[in-house]
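K.L.:
Sharing a structure, written as structure tokens. Questions coming.
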Amino acid sequence: MSELIAQEALPGLVDKWLAQGKRVAGPSVVKPGYCLYIELESSAQLALEGFIRPRNSIKEFVFPRHEAVCRYHFSGHSVETDDCDPPQVDQVIVGARPCDAAALPILDHLFTWDYDDKFYTERRKATTVVTLACQTHDDECFCTSMHLGPAAEQGSDVLLLAMPDGYEVRCLTDKGRALFAGETQAIEQAAVVPPGPPIVAAPETVMAFLQAHYDDPMWADLALRCLGCGACAYTCPTCHCFDIVDEGTAAGGCRVKNWDCCQFSMFTEHASGHNPRTAQAQRQRQRIQHKFRIYPEKFGVMLCTGCDNCARNCPVGLGVLSTLKETAGSAPVEVGV
Ligand code: SF4
Ligand code: SF4
């Protein structure tokens, strides 16, 4: 037996969550052919049909681009501070792609393994993720190479699978069961999960290649194209680097977390002025080596879900996929756009 929510019932449920005061986010076509995860005001904005991969990721709903962590003001020769608290609003992310949801367990570990970052963990606790299994993929998707797939369950509280008259509802956690309680009907059939994209490179092959090619001219070749703009990291569901800066005046201000990116020239600049990664080639090497060798060696999981947002958003079309293909010996890295 399976559970089904009818096609016409899902928008009503989304509007019900909104009416309950929940913050609801989901994919929306904001201009023709261009989809983003946005905070929804109504179910009418939700785009679940067809395959247009959102150009951002759901991480910004648990790890915002810019966030105040404390306020300060000067009083004579002393400084007074007030802690900021993360907002306590329940939120639902509906229509997440499996390659976005799968990044959440990675971020969960990152933001807790040595320090409990309450700005992340409080939001995460208040978030329920309703993922939509992919019916199709495009030439850029490579989730299967990262041991995921079109119906991967990692990071999801509920998995929806398209059926002729609605969606099969697979509740995977208590949060998911609570969200859909009383909203589904039992049916005999189960949804058919389509095959995912072909595997372009096994993680083990990639790791072995990177271990043997730390010093390699390929990094300089890649860097010739990179503009150091940061679009790859900002739209990657697993990239998580941030900087902490004080923004204020002589009277006071805020200490804030801002997203950061390893492709920025000042990313590793020390207070002394020394910068261990002065060349873009070093920064490109770091991005790939960290995601596909250093992090997995330390924590046993690749820092990538195969969404290819890095290439989709890169102004020069330089994502990790072409590099992975080179590591597998299946295609050269394309130089030039
Ligand atoms: S590295 Fe690229 S393909 Fe991998 S998760 Fe990040 S954006 Fe997606
Ligand atoms: S998006 Fe492309 S050009 Fe921009 S930093 Fe990333 S790899 Fe370089």
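K.L.:
Would you confirm, using the coordinates I've provided, whether Gly273 is in a loop (DSSP other than H, G, I, E, B), modelled with pLDDT under 95, over 18 Å from the mean Cα position of the chain (by Cα) and within 14 Å of ligand 1 (Cβ to nearest atom)?
P.N.:
no
K.L.:
Still on this structure, please answer the following. Within the set of pairs 6+ apart or on separate chains, which have a first residue in the range 11-22 that is on the phi > 0 side of the Ramachandran plot, a second that is among the aromatic types (Phe, Trp, Tyr) and in a helix (DSSP H, G or I), and C-beta atoms under 9 Å apart?
P.N.:
Cβ pairs passing all conditions: none.
K.L.:
Sort out for me the helices (runs of 4 or more DSSP H) sitting completely within the range 43-132 that have 1 or more residues that are in contact with a Ser or Thr (Cβ under 6 Å, 6 or more places away or on another chain).
P.N.:
Numbers: elements: 98-101, 103-110, 118-125.
Hits in the range 43-132: 98-101, 103-110.
K.L.:
Now for a different question. Among the residues of the range 313-330, what is the count of those that are more than 10 Å from ligand 2 (Cβ to nearest atom) and either at positive phi or at pLDDT 95 or above (or both)?
P.N.:
So the count comes out to 1.
K.L.:
Does Leu303 meet the test of being hydrophobic (A, V, I, L, M, F, W, C), within 16 Å of ligand 1 (Cβ to nearest atom), outside any helix (DSSP H, G or I) and modelled with pLDDT under 95?
P.N.:
No, not satisfied.
K.L.:
Considering only residues that are among the aliphatic types (A, V, I, L, M), over 20 Å from Ser156 (Cβ atoms) and in contact (Cβ under 8 Å) with a residue 60 or more places away in the chain, which ones fall in the range 167-205?
P.N.:
Across the range 167-205, the qualifying residues are Ala186, Ile187, Val200, Ala201, Ala202.
K.L.:
Here is a list: Phe63, Phe51. Which entry is touching a Leu at 6+ places or on another chain (Cβ under 8 Å), under 21 Å from Cys310 (Cβ atoms) and among the aromatic types (Phe, Trp, Tyr)?
P.N.:
Phe63
K.L.:
Search the range 206-238 for residues being near ligand 2 (Cβ under 10 Å from one of its atoms) and under 30 Å from Asp85 (Cβ atoms), and hand back the single one that is farthest from the chain's Cα centre (by Cα).
P.N.:
Gly230
K.L.:
Taking the options Val24, Val79, name whichever one is over 30 Å from His109 (Cβ atoms) and of a type in the set (Val, Ile, Thr).
P.N.:
Result: Val79 is the single residue among Val24, Val79 that is over 30 Å from His109 (Cβ atoms) and of a type in the set (Val, Ile, Thr).
K.L.:
Answer yes if at least one residue in the range 56-64 is in contact with a strand residue (DSSP E or B) (Cβ under 7 Å, 6 or more places away or on another chain) and over 23 Å from Thr128 (Cβ atoms), and no otherwise.
P.N.:
no
K.L.:
Same structure again: Just to be sure I understand the filter: pairs with C-beta atoms under 6 Å, separated by 6 or more residues or on different chains, first member in the range 207-235 and in contact (Cβ under 8 Å) with a residue 12 or more places away in the chain, second member part of a helix (DSSP H, G or I) and more than 16 Å from ligand 2 (Cβ to nearest atom). Which pairs pass?
P.N.:
Met207/Arg293; Phe209/Thr327; Leu210/Arg293
K.L.:
Which numbered condition in (1) in contact with a Cys (Cβ under 8 Å, 6 or more places away or on another chain); (2) over 30 Å from Val245 (Cβ atoms) is the only one that Arg71 fails?
P.N.:
Unmet for Arg71, out of (1) in contact with a Cys (Cβ under 8 Å, 6 or more places away or on another chain); (2) over 30 Å from Val245 (Cβ atoms): (2).
K.L.:
While we're here: Which numbered condition trips up Cys239, out of (1) away from ligand 1 (no atom under 14 Å from the Cβ); (2) at pLDDT 95 or above; (3) buried (at least 18 other Cβ atoms within 10 Å of the Cβ)?
P.N.:
The failed condition is (1).
K.L.:
Output the residue which, of all residues in the range 41-92 that are aromatic (Phe, Trp, Tyr) and within 28 Å of Thr136 (Cβ to Cβ), is surrounded by the most Cβ atoms within 10 Å (Cβ to Cβ).
P.N.:
Phe61
K.L.:
Test each condition in (1) at pLDDT 95 or above; (2) within 30 Å of Cys84 (Cα to Cα); (3) surrounded by fewer than 19 Cβ atoms within 10 Å (Cβ to Cβ) for Ala186 and report the one that comes out false.
P.N.:
Checking Ala186 against (1) at pLDDT 95 or above; (2) within 30 Å of Cys84 (Cα to Cα); (3) surrounded by fewer than 19 Cβ atoms within 10 Å (Cβ to Cβ), the one that fails is (2).
K.L.:
Can you tell me how many residues within the range 243-266 are in contact with a Lys or Arg (Cβ under 8 Å, 6 or more places away or on another chain) and surrounded by 19 or more Cβ atoms within 10 Å (Cβ to Cβ)?
P.N.:
3
K.L.:
Another question about this same structure. Kindly list the number of the only condition in (1) part of a loop (DSSP other than H, G, I, E, B); (2) under 30 Å from Gln154 (Cβ atoms) that fails for Ala250.
P.N.:
Going through (1) part of a loop (DSSP other than H, G, I, E, B); (2) under 30 Å from Gln154 (Cβ atoms) one by one, Ala250 breaks only (2).
K.L.:
Since Asp117 meets every condition but one in (1) surrounded by fewer than 22 Cβ atoms within 10 Å (Cβ to Cβ); (2) modelled with pLDDT under 95, which condition does it not meet?
P.N.:
(2)
K.L.:
Can you pull out the residues in the range 267-277 that are over 24 Å from Asn56 (Cβ atoms) and either crowded, with 18+ Cβ neighbours inside 10 Å or within 16 Å of ligand 2 (Cβ to nearest atom) (or both)? Please lay out each step first, then the result.
P.N.:
Step one: filter the range 267-277 for residues over 24 Å from Asn56 (Cβ atoms), giving 268-277.
Within the range 267-277, Thr268, Arg277 qualify.
K.L.:
While we're here: Tell me which residues, restricted to the range 271-308, are over 17 Å from Gln211 (Cβ atoms) and either touching a strand residue (DSSP E or B) at 6+ places or on another chain (Cβ under 8 Å) or free of Cβ contacts under 8 Å to residues at least 60 places away in the same chain (or both).
P.N.:
Ala271, Ser272, Gly273, His274, Asn275, Pro276, Arg277, Thr278, Ala279, Gln280
The values are calculated or read from the model by the stated rules, or taken from the named source; none is laboratory data. Just so it is clear, the model here is predicted, and its values are computed rather than measured. Glycine also receives a Cβ, built like all others from the backbone with ideal geometry; neighbour counts cover every protein chain displayed.
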